[in-house]
Structure formats: structure tokens, C-alpha cells
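Colleague: Have a look at this one before I ask anything.
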Amino acid sequence: MKKFKTIFWDFDGVIKESVSIKSDAFEQLFNPFGPEIAKKVRAHHEANGGLSRYEKIELYLSWIGEEINSKVTEDYAYKFSCIVKDKVINSEWVPGVLNYLEDNHHDQQFFLVTATPQEEINFILSSLNIKHFFKGIAGSPTKKNDAIMNYIEKYSIISDQALVIGDSETDYNAAIKNNVHFVLRKTNHNINLQNNLSCEIIVDFTNCK
């Protein structure tokens, strides 16, 4: 990892062990519509970790026949945020990641690219006191592939000297679209990707070189 001049980091499942927290929150949010819907929502979320919650919520609302408009979507997104924010902050770190960020942020340039809404991820990073590690922070509604492209252009980043670390197909696709190297962080939620993607796979950051 240290040979790359630039690293684009995902957040959930890469920096914090927070994927299951958001799975639980989506299931809780749609549980009033029955266990089958709740389980379907959870399964979709876990298979599409890199999509923004707004895209997911609108899809899930369509499954229950709810009218889709900006107010309804915002109401669900607000409820979701209330459920997850503190739990994400208090979740476990991915082993080794905090040491890697602390030890290498002066020698490499780090960017955070996440599907979490911009205001929320700024709050979370500030609360964790790690915001200063990142030269740029891009959250929803900016799509990941657009965020990476924008940073590459803004900072004249050489794609072959950059790396995306993610845990979802969205992360992988964002890397491929921008001709950037990709490393998959192995979790219990991306077993299909582990089997199907041809890329480097890591368990954590304890032995990264």
C-alpha cells in the first residue's frame, strides 16, 4: 500500500466495522411493513454497500407501494441517520487502520469517498478526530466514481499511482472507471465479491506495507 502516492478510502467496512449497524438500521426502519420486506431490504443493502441511502430508500419505498417524493425520502433518511450516527462513531475500528492513517498521512495523500451524506460524514470524522488525515472528503450526493474523477483532475493525480480501498462492487466499479488500482477489504458481507473479483484482498491493515 505504501508504494501508492494516493489512496481513496471508503468508510463503512474499511475504516469502521459499521456495515452491520446500517444493515440493522435499514431492517428496523422497514420492519413495520413485515418481516419479508425487512429481510429483503437488509439483503439488498448488504449486496449494494456503496449506493447512497437515498437511492436505497426510494427503491425500498417502491417495494411497499409508498409514494416517492423528496419529503418522504428525507423523512426516512433522517430517521435512518438518527439510528446510526452514534452507533457508527462508537463502532470498532477495522484492525490496524487507525495506525496506518496516523503513520502515513504525511507521506501519502488520503481522500475519503463514501456513500454517507456529506454533512453526516463530516460530523462523524470530526467526532473521531480523524478528519485531518484526509486531503478531501466526498459524501453523498456525489457518486463515488465522480468524486474520484474530480480529485484526480483537481490534484493532477496519476491514476497508476493511486489506489481505492473498498468493500463493495460500487467501490470496485469507481476504481475501474478511473483506471485506479483496487483492493477489496474482506468482510462477511462481500463473499460473492471475494469469489468473483480478480483483485488484491486484505483482511485488515495490521500487516500492510
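The values are calculated or read from the model by the stated rules, or taken from the named source; none is laboratory data. In this text, all values refer to a predicted model and were calculated from it rather than measured experimentally. Note that we place each Cβ from the backbone using ideal geometry, even for glycine, and neighbour counts take in every protein chain shown.
Colleague: Looking at (1) without any contact (Cβ under 8 Å) to a residue 12 or more places away in the chain; (2) in a helix (DSSP H, G or I); (3) not charged (D, E, K, R), which is the one condition that is false for Gly65?
Modeller: (2)
Colleague: Right, something else. Just checking, how many residues over region 156-187 are more than 19 Å from Ala115 (Cβ to Cβ), in contact (Cβ under 8 Å) with a residue 60 or more places away in the chain and either touching a Pro at 6+ places or on another chain (Cβ under 7 Å) or part of a loop (DSSP other than H, G, I, E, B) (or both)?
Modeller: The number of residues fulfilling the criteria is 2.
Colleague: Follow-up question, since we're still on this one. Output the number of residues of region 25-38 satisfying the condition of being surrounded by 15 or more Cβ atoms within 10 Å (Cβ to Cβ) and without any contact (Cβ under 8 Å) to a residue 24 or more places away in the chain. First the steps, then the outcome.
Modeller: Residues of region 25-38 surrounded by 15 or more Cβ atoms within 10 Å (Cβ to Cβ): 25-30, 33, 37-38.
Those still in the list that are without any contact (Cβ under 8 Å) to a residue 24 or more places away in the chain too: 27, 38.
Adding up the residues that qualify gives 2.
Colleague: Pull up region 190-200, narrow it to residues that are in contact (Cβ under 8 Å) with a residue 24 or more places away in the chain and surrounded by fewer than 18 Cβ atoms within 10 Å (Cβ to Cβ), then point me to the one that is nearest to His45 (Cα to Cα). First the steps, then the outcome.
Modeller: Of the residues in region 190-200, the ones in contact (Cβ under 8 Å) with a residue 24 or more places away in the chain are 190, 192-193, 197, 199.
Adding the requirement that they be surrounded by fewer than 18 Cβ atoms within 10 Å (Cβ to Cβ) leaves 192, 197, 199.
Details: Asn192: 14, Leu197: 19, Cys199: 23 Å.
This residue is Asn192.
Colleague: Run down Glu46, Glu119, Glu102, Glu55 and say which single residue is assigned to a helix (DSSP H, G or I), in contact (Cβ under 8 Å) with a residue 40 or more places away in the chain and within 30 Å of Ser159 (Cα to Cα).
Modeller: Only one candidate passes the filter, namely Glu46.
Colleague: Let me ask something else about it. Which condition from (1) in contact with a Pro (Cβ under 8 Å, 6 or more places away or on another chain); (2) modelled with pLDDT of 95 or more; (3) over 30 Å from Lys3 (Cα atoms) is the one that Phe123 breaks?
Modeller: If we test Phe123 against (1) in contact with a Pro (Cβ under 8 Å, 6 or more places away or on another chain); (2) modelled with pLDDT of 95 or more; (3) over 30 Å from Lys3 (Cα atoms), just (1) comes out false.
Colleague: Quick check on region 130-177: of everything there that is more than 21 Å from Ile89 (Cα to Cα) and of a type in the set (Ser, Thr, Tyr), which residue is surrounded by the fewest Cβ atoms within 10 Å (Cβ to Cβ)?
Modeller: Restricting to residues being more than 21 Å from Ile89 (Cα to Cα) and of a type in the set (Ser, Thr, Tyr), the top hit is Ser156.
Colleague: Taking the condition touching a helix residue (DSSP H, G or I) at 6+ places or on another chain (Cβ under 8 Å) and more than 26 Å from Asn207 (Cβ to Cβ), does Val14 pass? Steps first, please.
Modeller: Values: touching a helix residue (DSSP H, G or I) at 6+ places or on another chain (Cβ under 8 Å): yes; more than 26 Å from Asn207 (Cβ to Cβ): no.
Here the answer is no, as Val14 does not meet what is asked.
Colleague: So which residues in region 39-55 are in contact with a strand residue (DSSP E or B) (Cβ under 9 Å, 6 or more places away or on another chain) and buried (at least 17 other Cβ atoms within 10 Å of the Cβ)? Step through it out loud before you land on a result.
Modeller: Of all residues in region 39-55, those in contact with a strand residue (DSSP E or B) (Cβ under 9 Å, 6 or more places away or on another chain) come to 49-55.
Correct list: Gly49, Gly50, Leu51, Ser52, Arg53, Tyr54.
Results for (1) in a helix (DSSP H, G or I); (2) in contact (Cβ under 8 Å) with a residue 24 or more places away in the chain, shown as yes or no for each residue.
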| position | (1), (2) |
| --- | --- |
| Lys2 | no, yes |
| Phe8 | no, yes |
| Val14 | no, yes |
| Ser23 | yes, yes |
| Lys40 | yes, no |
